[in-house]
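A.B. asks: The structure is given below, and queries will be raised subsequently.
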Amino acid sequence: MPREEFWVPDGPVHAILQTNGIVYLGGRFNYVRPFTGGAAWLNPADGQAELAFPKVDGVVNAAAPDGGGGWFIGGSFTKVGAFNRRNLAHVTRDRIVDAAWNPAPSRGVFSLLVAGDLVYVGGEFASIGGQARNGLAVLDRGSGVASAWNPNASGSTTPGIYALALSGGVVYAGGSFTNIGGQIRNNLAALNPNTGLANDWNPSANDSVWSLAVSGTNVYAGGSFTRIGVQPRAFIAGINSASGKPTTWNPGADSSVLSLAIQGNTLYAAGSFRTLGGQPRSHLAAIDLLSGSPLAWTPGADGDVAALSLFNNLIYIGGYFGSVNGQIRHRIAALDVATGQPTAWNPDAGGNVLTVSGSGDAVFVGGSFFGVGGVVRSNLASLDMTTGQPKDWKPGANEVVSTLAFSGTTLFAGGTFSNVSGYPRAGLVAVDAVSGQVTDWNPSAMGENGPGSVWTLHTAADELYVGGSFTNVGGQARNRIASLDAATGLATAWNPNADGDVRVLVRSGTTVYAGGSFTNVGGQARNRMAALDATAGTATDWNPNLNSTVLAVAVVPDRVYGAGEFTRVGSAFRGFLAALNPTNGTVLSWNPNVFAGFMPEAPGIYSLAFSSGGLIYVGGNFNSIGGAQRRHLAALIPTNAQATAWNPIPNTNVYAVAVSANTVFVGGAFTAIGGQSRPYFAVFSPTNAATQPAFLASSARFSSSAQFGFRVQAPAGQRIVVQASTDLAQWLNIGTNVLSAAETEFSFVDTQPMAGVRRFYRAVQ
């Protein structure tokens, strides 16, 4: 599993570099955020996410407080915390998944309603709680078993229940259906809470109902409909709870109403509309319940608002927007009830928020996001290796960062950018590795029509080797390959002059290995890969002759590995990865037999990294390698080219792999890896039984404050996480210790014991 403490960016990672306890990232992203999964438990005061809340692997569409500080959550997900949970789960106030409650609806859940010991569930499922139930069911809140109550929604397409309300001994259901409770009912019905049968109430909406609210003798509906019965009602309507007829209350919107909430004599509406009641109202409106006229409450969002909730005299909203009333608020905000002005509360969600509700000491949000909160980091970021959190290091490039290199206290970055932190920097920049300050170093990689692209950087002593698609760098004409003085940024005399893009450079001894799409470099015909004299820049006799682009190179004492998009090396078939003789460039018999199949993008291997244990980590776009099915990422044994058992299965391309000690860093375009939804960046700590941490005998003790403590023994230099559990099934991180090279044990005290609750402890790498 990926290490959960590491924050994640909101876009693809193309470059990873780890040094001095920090991991640097380059790519195409704007934020880094704590990884929360598809749900977050937010502090109403500061908007910070409670990271102990179990991670939801998938989308959360609906939530309802359980009345005891916990939440029932529904959506389209597969896992919550350590538990397999299909589309529905209960999380207690202690941030623990209810192990006994697992109704497992067959398809998505869109609405939830808790009433005493019952949980009403609406969605698009055909079975739930061990019973066949179409779209709507009642579950026991203790066992999760479905009751006999069965309205059995149906329709010409997949029926769905998207809104539920309970009032006056009646269950109101809205959605997309044509039959429910044994009667023909179009998209809106009133059901007997005991029998599940529909009563005579029959408004008959001509399209889907997305939200319901009840006040007095009226039921208010929002949706995609334009008629209620025979009466025109544009997307919002008031309906008499006795007759089922639409009332004269008729604000009228110009597009769908997705969420409703009532306070006093005011109904708040949210959706995709731009006008309501004939007045400009951008996705949000307040409506007088007596007259139906819109009130002078105009916060205005710049995108659809999917959910709203009244809590602590504030209106919390979630959706697809980026600003509210001109203030930046990414997909979630809190508004003043009286003025509509956004408050300072600004959690900043990394994806669409589909449900929001407040209860007790928390605001719960769910949606299609991976993280809530975070900090702005434009295409460059650094994370602390111990905490996984971002450092206060924020240079900020205006375009993609493709490659990183380190020398002394300076981080070099290359890419397609033209500006970093307000400084003109064409494709190349040097940044102080601690402060993030851009230095005066400015070689300026230029192409024929403006800034060029830099694809690879490699440092060696006082030189920086640069490859890309530029024609001028360091003040000199240099076609796609150059050596720069690392201190001044000026080009050296070294000038191999490639006729095509250079994608990778690695120096080993007196040789610089180059890979790319070129066919001539160092004064010689060399197809996509060459060995260049590190002093003269001329090509040596080493000539493997590949038929397509080389993207990665790794050099070890007895061979040179090349990876990329090629399928031939000389006359030998080698799909995307080959081992070459370091003396003459001939292909070796070593062959992991990479297979890509029919991939939507160019197949190949984009990154190579060696571990200190001798494994080769490969990332790219492939289906199998080393005799095993491995998609996009694998670890290979150098001696026999076989894949190890390690198999994280990212769901799409891996662009960067880096290894440091017992840690593997992976970056790419993926949004799922290691068996969970996790976007763009993941950190793994492969372990073996011989190096697992252990508790020292007779080390357990109580501290002076009656807090439990113990000692842990572990390999020197290792990072150890202490976890606690109340049931031996779900484990929460409660502390981290990084041993120095001289340490093999440490003490730990649990400073936050749970009164009256037995806790178990374990230590893991």
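A.B. asks: Here is a check on your reading of the model: is GLY244 assigned to a strand (DSSP E or B) and not acidic (Asp, Glu)? Spell out how you get there, then give the answer.
C.D. replies: Working: assigned to a strand (DSSP E or B): no; not acidic (Asp, Glu): yes.
When the stated conditions are applied, GLY244 does not pass them.
A.B. asks: Then there is this: Could we say that ALA307 is under 13 Å from VAL356 (Cβ atoms) and either part of a strand (DSSP E or B) or in contact (Cβ under 8 Å) with a residue 12 or more places away in the chain (or both) here?
C.D. replies: Numbers: under 13 Å from VAL356 (Cβ atoms): yes; either part of a strand (DSSP E or B) or in contact (Cβ under 8 Å) with a residue 12 or more places away in the chain (or both): yes.
Spelling it out, ALA307 is indeed under 13 Å from VAL356 (Cβ atoms) and either part of a strand (DSSP E or B) or in contact (Cβ under 8 Å) with a residue 12 or more places away in the chain (or both).
A.B. asks: Checking the structure you have, find out if any residue of segment 97-120 is of a type outside the set (Gly, Ala, Ser) and over 24 Å from PRO151 (Cα atoms).
C.D. replies: Taking segment 97-120 as the starting set, the residues that turn out to be of a type outside the set (Gly, Ala, Ser) are 97-98, 101-103, 105, 107, 109-110, 112-114, 117-120.
Going one step further and asking which of them are over 24 Å from PRO151 (Cα atoms), we end up with 97-98.
Within segment 97-120, one or more residues are of a type outside the set (Gly, Ala, Ser) and over 24 Å from PRO151 (Cα atoms).
A.B. asks: Here's a follow-up. Which of the residues belonging to segment 542-599 are aromatic (Phe, Trp, Tyr) and part of a strand (DSSP E or B)?
C.D. replies: Of everything in segment 542-599, those that are aromatic (Phe, Trp, Tyr) and part of a strand (DSSP E or B) turn out to be TYR561, PHE573, PHE595.
A.B. asks: Okay, moving on. Just to check your reading of the model, which residue among ALA724, ALA742 is at pLDDT 70 or above and not in a loop (DSSP other than H, G, I, E, B)?
C.D. replies: On the way: ALA742 fails: not in a loop (DSSP other than H, G, I, E, B).
Going through ALA724, ALA742 in turn, the sole match is ALA724.
A.B. asks: Condition first: of a type in the set (Ser, Thr, Tyr), modelled with pLDDT of 95 or more, crowded, with 20+ Cβ neighbours inside 10 Å and assigned to a loop (DSSP other than H, G, I, E, B). Can you find one or more residues in segment 412-419 that meet it?
C.D. replies: Let us first name the residues in segment 412-419 that are of a type in the set (Ser, Thr, Tyr), namely 416, 418.
Applying the additional criterion that residues be modelled with pLDDT of 95 or more yields 416, 418.
Filter once more, so that each one left must be crowded, with 20+ Cβ neighbours inside 10 Å: 416.
When the remaining residues are screened for being assigned to a loop (DSSP other than H, G, I, E, B), the result is 416.
Within segment 412-419, one or more residues are of a type in the set (Ser, Thr, Tyr), modelled with pLDDT of 95 or more, crowded, with 20+ Cβ neighbours inside 10 Å and assigned to a loop (DSSP other than H, G, I, E, B).
A.B. asks: Does at least one position in segment 9-30 carry a residue that is surrounded by fewer than 24 Cβ atoms within 10 Å (Cβ to Cβ), free of Cβ contacts under 8 Å to residues at least 24 places away in the same chain and over 16 Å from the mean Cα position of the chain (by Cα)?
C.D. replies: no
A.B. asks: Within the group VAL138, VAL170, VAL145, which residue is at pLDDT 95 or above and crowded, with 19+ Cβ neighbours inside 10 Å? Walk me through it before giving the result.
C.D. replies: Working: VAL170 fails: crowded, with 19+ Cβ neighbours inside 10 Å; VAL145 fails: crowded, with 19+ Cβ neighbours inside 10 Å.
That would be VAL138, the only listed residue that is at pLDDT 95 or above and crowded, with 19+ Cβ neighbours inside 10 Å.
A.B. asks: Among the residues of segment 629-667, what is the count of those that are part of a strand (DSSP E or B) and more than 23 Å from PRO9 (Cα to Cα)? Don't jump to the end; show me each part of the working.
C.D. replies: As a first pass, look at segment 629-667 and keep what is part of a strand (DSSP E or B): 629, 633-636, 643, 654-660, 663-667.
Okay, now just the ones that are also more than 23 Å from PRO9 (Cα to Cα), so 629, 635-636, 643.
Looking only at that region, the number is 4.
A.B. asks: Inside segment 126-142, can you point out the residues that are over 14 Å from ALA89 (Cβ atoms) and of a type outside the set (D, E, K, R)? Show your work before the answer.
C.D. replies: Here is the first cut: in segment 126-142, the ones over 14 Å from ALA89 (Cβ atoms) are 126-127, 130-138, 140, 142.
Across segment 126-142, the qualifying residues are ALA126, SER127, GLY130, GLN131, ALA132, ASN134, GLY135, LEU136, ALA137, VAL138, GLY142.
A.B. asks: Right, another one. In this structure, is PRO151 in a loop (DSSP other than H, G, I, E, B), out of contact with any Asp or Glu (no Cβ under 8 Å at 6 or more places or on another chain) and surrounded by fewer than 18 Cβ atoms within 10 Å (Cβ to Cβ)? Steps first, answer last, please.
C.D. replies: Numbers: in a loop (DSSP other than H, G, I, E, B): yes; out of contact with any Asp or Glu (no Cβ under 8 Å at 6 or more places or on another chain): yes; surrounded by fewer than 18 Cβ atoms within 10 Å (Cβ to Cβ): no.
The answer is no for PRO151.
A.B. asks: Anything in segment 370-406 that is in contact (Cβ under 8 Å) with a residue 60 or more places away in the chain and farther than 27 Å from TYR606 by Cβ? List them, or say none.
C.D. replies: Selection gives VAL372, GLY373, VAL375, VAL376, THR386, THR387, GLN389.
A.B. asks: On the given criteria, is SER607 assigned to a strand (DSSP E or B) and among the polar types (S, T, N, Q)?
C.D. replies: Details: assigned to a strand (DSSP E or B): yes; among the polar types (S, T, N, Q): yes.
Considered against the rule, which asks whether it is assigned to a strand (DSSP E or B) and among the polar types (S, T, N, Q), SER607 comes out as yes.
A.B. asks: Against the definition (within 21 Å of ALA221 (Cα to Cα) and of a type outside the set (A, V, I, L, M)), how does PRO347 come out, yes or no?
C.D. replies: On the way: within 21 Å of ALA221 (Cα to Cα): no; of a type outside the set (A, V, I, L, M): yes.
For PRO347, the condition - within 21 Å of ALA221 (Cα to Cα) and of a type outside the set (A, V, I, L, M) - is not met.
A.B. asks: Is it the case, given these coordinates, that VAL502 is of a type in the set (Val, Ile, Thr) and touching a Phe, Trp or Tyr at 6+ places or on another chain (Cβ under 7 Å)?
C.D. replies: Details: of a type in the set (Val, Ile, Thr): yes; touching a Phe, Trp or Tyr at 6+ places or on another chain (Cβ under 7 Å): yes.
In short, yes.
A.B. asks: Give me a count of the residues in segment 420-438 that are out of contact with any Phe, Trp or Tyr (no Cβ under 6 Å at 6 or more places or on another chain), assigned to a strand (DSSP E or B) and aliphatic (A, V, I, L, M).
C.D. replies: At the first step, the residues of segment 420-438 found to be out of contact with any Phe, Trp or Tyr (no Cβ under 6 Å at 6 or more places or on another chain) are 420-429, 431-435, 437.
The next check asks that each one be assigned to a strand (DSSP E or B); those that pass are 420, 423-424, 428-429, 431-432.
So of that shortlist, the ones also aliphatic (A, V, I, L, M) come out as 420, 428-429, 431.
The number of residues fulfilling the criteria is 4.
A.B. asks: Being in contact with a strand residue (DSSP E or B) (Cβ under 6 Å, 6 or more places away or on another chain) and either buried (at least 24 other Cβ atoms within 10 Å of the Cβ) or in contact (Cβ under 8 Å) with a residue 12 or more places away in the chain (or both): is that true of GLU50 here? Give the steps one after another, and end with the answer.
C.D. replies: Numbers: in contact with a strand residue (DSSP E or B) (Cβ under 6 Å, 6 or more places away or on another chain): yes; either buried (at least 24 other Cβ atoms within 10 Å of the Cβ) or in contact (Cβ under 8 Å) with a residue 12 or more places away in the chain (or both): yes.
So GLU50 passes the test.
A.B. asks: Out of (1) at positive phi; (2) surrounded by 18 or more Cβ atoms within 10 Å (Cβ to Cβ), the odd one out for GLY216 is which?
C.D. replies: Of (1) at positive phi; (2) surrounded by 18 or more Cβ atoms within 10 Å (Cβ to Cβ), only one is false for GLY216: (2).
A.B. asks: Let me ask something additional. How about segment 251-271: which of its residues are farther than 13 Å from ALA213 by Cβ, under 35 Å from the mean Cα position of the chain (by Cα) and among the small types (Gly, Ala, Ser)?
C.D. replies: Within segment 251-271, ALA253, SER255, SER256, GLY271 meet the criteria.
A.B. asks: I would also like to ask the following. Based on what the data block shows, is THR195 surrounded by fewer than 24 Cβ atoms within 10 Å (Cβ to Cβ), of a type outside the set (A, V, I, L, M, F, W, C), more than 26 Å from VAL97 (Cα to Cα) and modelled with pLDDT under 95?
C.D. replies: On the way: surrounded by fewer than 24 Cβ atoms within 10 Å (Cβ to Cβ): yes; of a type outside the set (A, V, I, L, M, F, W, C): yes; more than 26 Å from VAL97 (Cα to Cα): yes; modelled with pLDDT under 95: no.
The answer is no for THR195.
A.B. asks: Same structure, new question: Give the residues of segment 265-290 that are touching a residue at least 24 places away in the same chain (Cβ under 8 Å) and over 19 Å from ALA334 (Cα atoms), sorted by residue number.
C.D. replies: Those that are touching a residue at least 24 places away in the same chain (Cβ under 8 Å) and over 19 Å from ALA334 (Cα atoms): ASN265, PHE273, LEU276, GLY277, GLY278, LEU289, LEU290.
A.B. asks: Run down GLY169, GLY116, GLY130, GLY155 and say which single residue is closer than 28 Å to VAL365 by Cβ and among the small types (Gly, Ala, Ser).
C.D. replies: Answer to the selection: GLY116.
To keep it simple, each residue is scored yes or no on (1) under 20 Å from TYR465 (Cβ atoms); (2) over 36 Å from the mean Cα position of the chain (by Cα); (3) not charged (D, E, K, R).
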| residue | (1), (2), (3) |
| --- | --- |
| VAL506 | yes, no, yes |
| THR538 | yes, yes, yes |
| VAL550 | yes, no, yes |
| VAL569 | no, yes, yes |
| ALA578 | no, no, yes |
| THR583 | no, yes, yes |
| TRP590 | no, yes, yes |
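A.B. asks: Then there's this: Can you tell me which residue in segment 576-606 is modelled with the lowest pLDDT, limited to those that are buried (at least 19 other Cβ atoms within 10 Å of the Cβ) and farther than 16 Å from GLY515 by Cα?
C.D. replies: Looking at residues that are buried (at least 19 other Cβ atoms within 10 Å of the Cβ) and farther than 16 Å from GLY515 by Cα, I get ALA596.
A.B. asks: Sticking with this one: When the residues of segment 388-411 are filtered to those that are of a type outside the set (A, V, I, L, M, F, W, C) and under 19 Å from LEU505 (Cβ atoms), which remaining residue is modelled with the lowest pLDDT? Full working, then the answer.
C.D. replies: As a first pass, look at segment 388-411 and keep what is of a type outside the set (A, V, I, L, M, F, W, C): 388-392, 394-396, 398-399, 402-403, 407-410.
Filter again for under 19 Å from LEU505 (Cβ atoms), leaving 402-403, 407, 410.
On the way: SER402: 98, THR403: 98, SER407: 93, THR410: 96.
Looking at residues that are of a type outside the set (A, V, I, L, M, F, W, C) and under 19 Å from LEU505 (Cβ atoms), I get SER407.
A.B. asks: In segment 491-509, is there at least one residue being under 15 Å from GLY447 (Cβ atoms), surrounded by fewer than 18 Cβ atoms within 10 Å (Cβ to Cβ) and either at pLDDT below 95 or polar (S, T, N, Q) (or both)?
C.D. replies: No, segment 491-509 contains no residue that is under 15 Å from GLY447 (Cβ atoms), surrounded by fewer than 18 Cβ atoms within 10 Å (Cβ to Cβ) and either at pLDDT below 95 or polar (S, T, N, Q) (or both).
A.B. asks: Any idea which residue in segment 393-411 is nearest to ALA445 (Cα to Cα), counting only those that are in a loop (DSSP other than H, G, I, E, B) and of a type in the set (A, V, I, L, M, F, W, C)?
C.D. replies: As a first pass, look at segment 393-411 and keep what is in a loop (DSSP other than H, G, I, E, B): 393-396, 398-400, 408-409.
Narrowing further to those that are of a type in the set (A, V, I, L, M, F, W, C): 393, 400.
Details: TRP393: 24, VAL400: 14 Å.
Selected residue: VAL400.
A.B. asks: Right, ASN527: free of Cβ contacts under 8 Å to residues at least 40 places away in the same chain, in a loop (DSSP other than H, G, I, E, B) and closer than 17 Å to ARG574 by Cα or not? Steps first, please.
C.D. replies: Values: free of Cβ contacts under 8 Å to residues at least 40 places away in the same chain: yes; in a loop (DSSP other than H, G, I, E, B): yes; closer than 17 Å to ARG574 by Cα: yes.
When the stated conditions are applied, ASN527 passes them.
A.B. asks: Related question: Can you name the residue in segment 750-765 that is buried (at least 17 other Cβ atoms within 10 Å of the Cβ) and at pLDDT 75 or above and, of all such residues, is nearest to ALA714 (Cα to Cα)?
C.D. replies: Among them, the one singled out is ALA763.
A.B. asks: State which residue is surrounded by the most Cβ atoms within 10 Å (Cβ to Cβ) when the search covers only segment 445-473 and only residues that are within 34 Å of the chain's Cα centre (by Cα) and not in a strand (DSSP E or B).
C.D. replies: For segment 445-473, the residue satisfying everything is PHE470.
The values are calculated or read from the model by the stated rules, or taken from the named source; none is laboratory data. These figures come from a predicted structure and were not determined experimentally. Don't worry about glycine lacking a Cβ; one is built from the backbone with ideal geometry, like all the others, and counts go over all protein chains shown.
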